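Heads up, the thing below is written out as structure tokens.
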Amino acid sequence: MAPPAPSRIVALQMLPQLMGVARGTDGEKIMIVTATSGDTGKAALDGFADVEGMGVTVFYPAGKVSDIQRLQMVTQLGSNVAVCAVNGTFDDCQGQVKRVFADRELAARLAGRGRGALERRNSHQRRPSRAAGDLLL
């Protein structure tokens, strides 16, 4: 069972600082790509906003988060944050995130630019799933 939302939000405020220390001074950049049903999207965006060497992109289901949650996400300040609405459900958002990591052409372009490799870390879902939903850019 996942911890209550407030503890996840506190963790998302600390995570960027911990990752910054763990990353050290090697110059490698980290991009977090994640999906939210609305509860933690703002916390992830706020925690990583303008953190040097890191960025975050949050996918959320269009029309399925509250107006307050959507506005908190789409108005988040930061040169390294992005928000993408997906036509579909939260599961479709997760599918879009998985598509990013399955995109071999993107991985090759990033590696060719010295941007590091795509790595997937997901402790909640162990089974493969297909990508669905339409990405709204």
Separation of the residue 79 and residue 50 label points, Cα + 7 Å toward Cβ, nm: 1.0 nm
Exposure ranking of 50, 103 by accessible area [1.4 Å probe, largest first]: 50, 103
Of 53, 30, 68, farthest towards positive along the dipole that unit charges on Lys, Arg, Asp, Glu beta carbons give the range 1-70: 68
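The values are calculated or read from the model by the stated rules, or taken from the named source; none is laboratory data. Small disclaimer: the values here were computed from a predicted structure and weren't measured. Please note: Cβ atoms are built from the backbone with ideal geometry, for glycine as well, and neighbour counts cover all protein chains shown. Protein only, heavy atoms only, side chains kept; ligands, DNA and RNA dropped before computing areas. Shrake-Rupley method; radii C 1.70, N 1.55, O 1.52, S 1.80 Å.
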